[in-house]
Amino acid sequence: MTQTDSSVPSTKALLALAASTGEAQIPPGGGAPYTMAPDSCSAMALEHLRNAPISTRIDVSFNDEASFTDYVTRFGNPEATVVYASDDDRTMSVTAIIDHDAPGAPSWRRHRASWDCSTSRSWLAWTRFDGSYMSQVDFATFMHEHFEDVYAPEGNPEAPSPTHMLEVSKSLRAQRKVAFSSATELKNGDVDFSFQQMTSAGAGPKGRLAVPAEFWIAIPVMKGGQHYEMKAELRYKISDDGALTIGYRLVKWDSTREDAFSHAFNRIRDSLDTLVADVYRGNPPAATKHL
């Protein structure tokens, strides 16, 4: 049988006292003051009448890593604050619980700060069409809009430049009324497409169009983050009626995403090393609810 401290009044006794006196009461161990409602059937919290709340209840979200770490630096407690970094296939986020539980000292966990690690527009654009096929015109339009993301790595003279990919996009857009017949992979790393112009009178002159079989891009994974280099491999199909569908495959883009999040995690862990109790990889616990 569990023994109780007879010197600490029970909840029932406290409610009875508040109901009989109509005065504000403070729970044992501190907390928000309360009194009984006129009907004596329910307790009424009086915390809103104080000059300041008993505890901080804030759930703030930041748009960048620097703002998040600045906030935790200001409000963090090396004895109580815990940071969680969560990463799954769809989302990345970092959450700091300023008033986290400590061993033997439960807490409400209601003072929270988070950074959702939003991905950049460039990352969303390139990964959206990864592995898919587009029409000749759609691919040309996409490359025209994003050619500035193309990057020629040092030491790779065959890597196409942004300007070269822009010219490729213009050539693809110019050759609309054509029927493609074949594609040949050249030694210089290009794919040579053979086509024949189609006119109202029938088949016209033949021609060739060279497109790099692979190219590189350098884009940030997260908004405002560092740029990461990735290789894109050309994909294409020629239908029986001569229509060209074309696309690309980003090599190991999922690993690039994981690297970017790991680097962010390490930076946060290092910058908050002595300012918080712990930094974990995992999902944060929810705020404690009233029973």
Report summary line: Taking region 175-195 and keeping only residues that are in contact with a helix residue (DSSP H, G or I) (Cβ under 9 Å, 6 or more places away or on another chain) and either outside the structural domain of ASP138 (by TED's automatic domain parsing) or free of Cβ contacts under 8 Å to residues at least 60 places away in the same chain (or both), one is left with GLN175, ARG176
Query - Criterion violated by PRO212 - all others in (1) in contact (Cβ under 8 Å) with a residue 60 or more places away in the chain; (2) surrounded by 17 or more Cβ atoms within 10 Å (Cβ to Cβ) satisfied - result: (1)
Requested in this report: Considering only residues that are over 16 Å from the mean Cα position of the chain (by Cα) and not in a strand (DSSP E or B), look in region 53-65 and name the one that is modelled with the highest pLDDT.
Outcome: ARG57
Requested in this report: Report, ordered by the first and then the second residue, all pairs with beta carbons closer than 9 Å, sequence separation of six or more or different chains, a first member in region 63-83 that is closer than 16 Å to ASP101 by Cα, and a second member that is part of a helix (DSSP H, G or I).
Outcome: THR81/VAL72; THR81/PHE75; VAL83/VAL72; VAL83/ILE268; VAL83/ARG269
Query raised in the report: Is one or more of the residues making up region 66-81 modelled with pLDDT of 95 or more and in a strand (DSSP E or B)?
Result: no
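Look through ARG112, ARG74 and report the one residue that is under 18 Å from LYS289 (Cα atoms), out of contact with any helix residue (DSSP H, G or I) (no Cβ under 8 Å at 6 or more places or on another chain) and not hydroxyl-bearing (Ser, Thr, Tyr). Full working, then the answer.
Values: ARG74 fails: under 18 Å from LYS289 (Cα atoms).
Residue meeting the stated conditions: ARG112.
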Query raised in the report: What number of residues within region 249-284 are closer than 27 Å to ILE217 by Cα and surrounded by fewer than 17 Cβ atoms within 10 Å (Cβ to Cβ)?
Result: 11
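Matching residues to (1) within 30 Å of the chain's Cα centre (by Cα); (2) more than 30 Å from PHE68 (Cα to Cα):
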site: PRO157; (1), (2): no, yes
site: MET165; (1), (2): yes, yes
site: SER169; (1), (2): no, yes
site: LEU172; (1), (2): no, yes
site: LYS187; (1), (2): no, yes
site: VAL191; (1), (2): no, yes
site: PHE215; (1), (2): yes, yes
site: HIS227; (1), (2): yes, no
**Report entry** Elements of type strands (runs of 3 or more DSSP E) contained in region 86-167, each with 1 or more residues being surrounded by fewer than 16 Cβ atoms within 10 Å (Cβ to Cβ)
**Finding:** 133-135
**Report entry** strands (runs of 3 or more DSSP E) fully within region 190-291 counting 1 or more residues that are within 30 Å of PRO153 (Cα to Cα)
**Finding:** 190-199, 202-212, 214-220, 227-238, 244-250
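Yes/no matrix, rows are residues, columns are (1) buried (at least 16 other Cβ atoms within 10 Å of the Cβ); (2) closer than 25 Å to LYS170 by Cα; (3) among the small types (Gly, Ala, Ser); (4) at pLDDT 90 or above:
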| site | (1), (2), (3), (4) |
| --- | --- |
| ASP190 | yes, yes, no, yes |
| TRP216 | yes, yes, no, yes |
| VAL221 | yes, no, no, yes |
| LYS231 | yes, yes, no, yes |
| SER239 | no, yes, yes, yes |
| HIS290 | no, no, no, no |
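The values are calculated or read from the model by the stated rules, or taken from the named source; none is laboratory data. Everything numeric in this text was worked out from a predicted model, so none of it was measured. Cβ: placed from backbone, ideal geometry, glycine included. Neighbour counts: every protein chain shown.
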